[in-house]
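The values are calculated or read from the model by the stated rules, or taken from the named source; none is laboratory data. Since the model is a prediction, treat every value here as computed from it, not as a measurement. In this analysis, Cβ positions are derived from the backbone assuming ideal geometry, glycine residues included, and neighbour counts consider all displayed protein chains. Calculation scope for accessible area: heavy atoms of the full protein, side chains included, ligands and nucleic acids excluded. Shrake-Rupley method; radii C 1.70, N 1.55, O 1.52, S 1.80 Å.
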Amino acid sequence: MAPQTQPSASGEGKGATLPLGVKVSSEARVVVHPVVLLSVVDHYNRVCRNTSQRAVGVLLGAWKGKDLLDVSSSFAVPFEEDAKNPGVWFLDHDYLTAMFDMFRKVNARERVIGWYHTGPKLRSNDININEVIRRFVPNPVLVVIDAVPKELGLPTRAYVSVEEIHDDGTPTSKTFAHLGSEIGAEEAEEVGVEHLLRDIKDIGESGTLSHRIQHNLSALKGLDTFLGDINEYLTKVVEGKIPVNHQISYLLQDIFNLLPNVDFDGFVKSLSVKTSDQLHVVFVASLIRSTLALHSLIDNKLENRLAEQKSEQSELRKEKEKEAKEGDGDKDGAKGDNKADADADAKPSDEKKK
């Protein structure tokens, strides 16, 4: 069922969308903001967590030139599909139109630029869903966002629909072509993400070093994965399983050219000096930390000793006060007994007189 009202595909602001009939370049890059990732993860946790379903929504943003798509916002769309029959699915067009009208009142520069789902991979009915989104934007971009990533790397993969021409003369069919994607943020978003990470993970003075080591370890694991992919690609090229791609070869050559010459004496010396300086700073910091810890220990012992002396003095004072009260009670008792004896002696003398 087609929507009754459709947002403008051309966009009011300059560069909001690509002109009608202009295809998305294969060199285009999709920049996803952290706010979009947080919104998608929240959508997934509310609707699809612990299920086999996927979350589907609409991406908002604008084209900055012909090769850069800035995805700055998103919103969820009610979506259902049959797990057994992928051809049976439902996307609420009326809800999409109403939500977009409200978003346009807040930020008129944002336009529908595509859609997302939490995959984590492409599915057979994605082409059909993409055709529905084309009623709102002529060149929609699909971003598959893995809400529960199990591998290191970016959780986003961007695609655009293209027509595939067959060599046997059969009619063309539509498929998805991969686009480059990255995570980008403005300064305000970076500050918000840092505060959010501080709330999630308590990074104090004692946890900063361990946190940096954890990030470095994750980066090294990711580098090892990428080097493994490069090795696998080059091995297949040498064995003749896949043809040579000169563009990839040029990029690999650029990577090799950026590698430092570790046999150069100046590089070895500068690396040794920098390492020695860092170790010296670590050594001095350890000495200062040990000295401060020893000083705190001494202060703690002095405070405990003073507290023990005060407690002993207070106990002695209480015991003295208790003994003084008991002594006054004995004196009062003795006086009462003497008075009673005197009264008893005075009664017989009075009787004799009578």
Inset, instruction - Would you mind calculating the gained length between L259 and D224 on full extension (0.36 nm times residue separation, minus the Cα-Cα distance), in nm to one decimal? - result: 11.0 nm
Legend entry - With 10 Å bins from 0: P(r) over the stretch 77-129, alpha-carbon pairs, percent: 19, 46, 26, 9, 0
Inset, instruction - For the stretch 48-54, just list the computed ³J(HN,Hα) in residue order, Karplus coefficients 6.51, -1.76 and 1.60, θ = phi - 60°, integers in Hz, with x standing in for Gly and Pro. - result: 10, 5, 6, 10, 8, 6, 10
Legend entry - Separation of the I183 and L302 label points, Cα + 7 Å toward Cβ, nm: 4.9
Legend entry - Rough spin-label spacing in nm, given labels placed 7 Å along Cα→Cβ, for T291 and E194: 3.0
Inset, instruction - Name the long-range amide H neighbours of S73: under 5 Å, sequence gap of 5 or more, or other chain; modelled H, no Pro or chain starts. - result: L60
Legend entry - Which listed pairs, of K301/K325; K64/K241; K221/K274, have C-alpha distances above 27 Å, in listed order: K301/K325; K64/K241
Legend entry - Coil-residue chymotrypsin sites (Phe, Trp or Tyr not before Pro) of the stretch 228-284, DSSP, other Cβ within 10 Å capped at 14: F264
Legend entry - Karplus (6.51, -1.76, 1.60) ³J(HN,Hα), θ = phi - 60°, over the stretch 312-323, in Hz, Gly and Pro reported as x: 5, 4, 5, 5, 4, 4, 5, 5, 5, 4, 5, 5
Inset, instruction - Work out from phi, with θ = phi - 60° and the Karplus expression 6.51 cos²θ - 1.76 cosθ + 1.60, the ³J(HN,Hα) of each residue of the stretch 96-111, listed in order in whole Hz, and give x for Gly and Pro. - result: 4, 5, 5, 5, 5, 4, 5, 5, 5, 5, 7, 9, 6, 7, 7, 10
Inset, instruction - Quote the Stokes-Einstein diffusion coefficient, in whole µm² s⁻¹, for the stretch 19-169, based on the Kirkwood radius over alpha carbon pairs, a temperature of 10 °C and a viscosity of 1.306 mPa s. - result: 98
Legend entry - Length released on extending from I213 to Q309, taking residue separation times 0.36 nm less the Cα-Cα span: 29.9 nm
Inset, instruction - Round to the nearest 0.05 the FRET efficiency obtained for S173 and D94 when R0 = 30 Å and r is the Cβ-Cβ distance. - result: 0.50
Inset, instruction - Over the stretch 77-179, give the accessible area per residue in Å² for a 1.4 Å probe, as an integer. - result: 55
Legend entry - Estimated inter-spin distance, R123 and E80, nm [label 7 Å along Cα→Cβ]: 1.4
Legend entry - Cα extents of the stretch 127-282 along the three principal axes, largest first (Å): 71, 46, 26
